[in-house]
Amino acid sequence: MSTPGVDHPMQDGEAEISTAARSLSVSARVEVAGSTLVVVRPSASEFVEQCVVRVGEQVSLFWMGPEGGRSFLADVTTVERGAVPRWHLQVTTPAEESQRRAAVRARVPIPVLAAVNGVDLEGETLDLSEAGCRVVLDVYGNPPLPGSRIRVSLELEDGALVTTAEVARQQTRASCWQLSLRFLDLPEKEQDRLRRRVFRALREERARQSQALFD
C-alpha cells in the first residue's frame, strides 16, 4: 500500500517538475497520483518557444509531504499538448526526503535594462525565476560572450531589481540578442520578490487554463 503525500503526491495537489536536460522547473497540478503513474497539468505554456519535456526524458518531481519535501524520479511517457497540456510520468525511483526546491520559472514579460559593452540596452524578459532569466535585447556592438558578467535592472511592479548576472547562453536573432542569464549573489529578500512574481504568473496561467476548459 502506498501512502498519498508520502510515497507520491496528493491528487489535486501542487508539484514541481524539474528537467536536467534544459535546467527548467515548472509548477504543476496533480490530476492522477499513484505509486507508479502520475499525470500532471503543468503551467508550461509560458515556455512557448521551448520544448519543455520530451517522451523518454527523465524528470524529478517534488512535492510537500506531511513532514516536509518529498521527491522521486520519473520518465515522461506521454506529452499532451494544446490549451490544457498534460504530462504522464512513469515513476522510476522510490520517494525520498528532499530539502531543496528547484527555482521555478514562468513566462513573465517585464522591461529590462542591461549594461553591455558600456551601453545601457533596453529589452524584455522572456521568462523569469529567482535564479535567472531569459531576455531579448537590442543589438549594439559585439554580443556578450558566455561567462561574461553584465549589470541588469528588472522593472518589477514594486520597484526595480538591480543585480549582476552571468551570461549562460547567447543567440542572435534578427536585430536582437537573446541571452540566458544567471543571477549572482542575489540577496534572499530579492529572491523572494522574484519568487512572488513568478508564482503570481503561474496562478494567472492556471486561471487561463481552467477557463479554457469551459470555453
Scan of the range 105-143 for residues that are free of Cβ contacts under 8 Å to residues at least 24 places away in the same chain and assigned to a loop (DSSP other than H, G, I, E, B), ordered by number: PRO109, GLY118
Qualifying positions in the range 68-84 - open to solvent by 40 Å² or more (accessible area, probe 1.4 Å), assigned to a strand (DSSP E or B) and farther than 24 Å from THR3 by Cβ: THR78, GLU80
Matching residues in the range 144-154 - criterion: being assigned to a strand (DSSP E or B) and either within 30 Å of TRP63 (Cα to Cα) or open to solvent by 80 Å² or more (accessible area, probe 1.4 Å) (or both): ARG149, ARG151, LEU154
Pick from the range 101-138, criterion of a type in the set (Asp, Glu) and under 10 Å from the mean Cα position of the chain (by Cα), ranking: nearest to ASP185 (Cα to Cα): GLU130
Filtered residues of the range 158-208 (kept if open to solvent by 30 Å² or more (accessible area, probe 1.4 Å), part of a helix (DSSP H, G or I) and touching a helix residue (DSSP H, G or I) at 6+ places or on another chain (Cβ under 9 Å)): ARG208
Subset tally (residues that are small (Gly, Ala, Ser), at pLDDT below 85 and in a loop (DSSP other than H, G, I, E, B)) for the range 36-64: 2
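The values are calculated or read from the model by the stated rules, or taken from the named source; none is laboratory data. What you see is a predicted model, and the numbers here were worked out from it, not measured in a lab. Quick reminder, even Gly has a Cβ in these numbers, built from the backbone with ideal geometry, and neighbours come from all protein chains shown. Heads up: the accessible areas ignore ligands, DNA and RNA and are worked out on the full protein's heavy atoms, side chains in. Shrake-Rupley method; radii C 1.70, N 1.55, O 1.52, S 1.80 Å.
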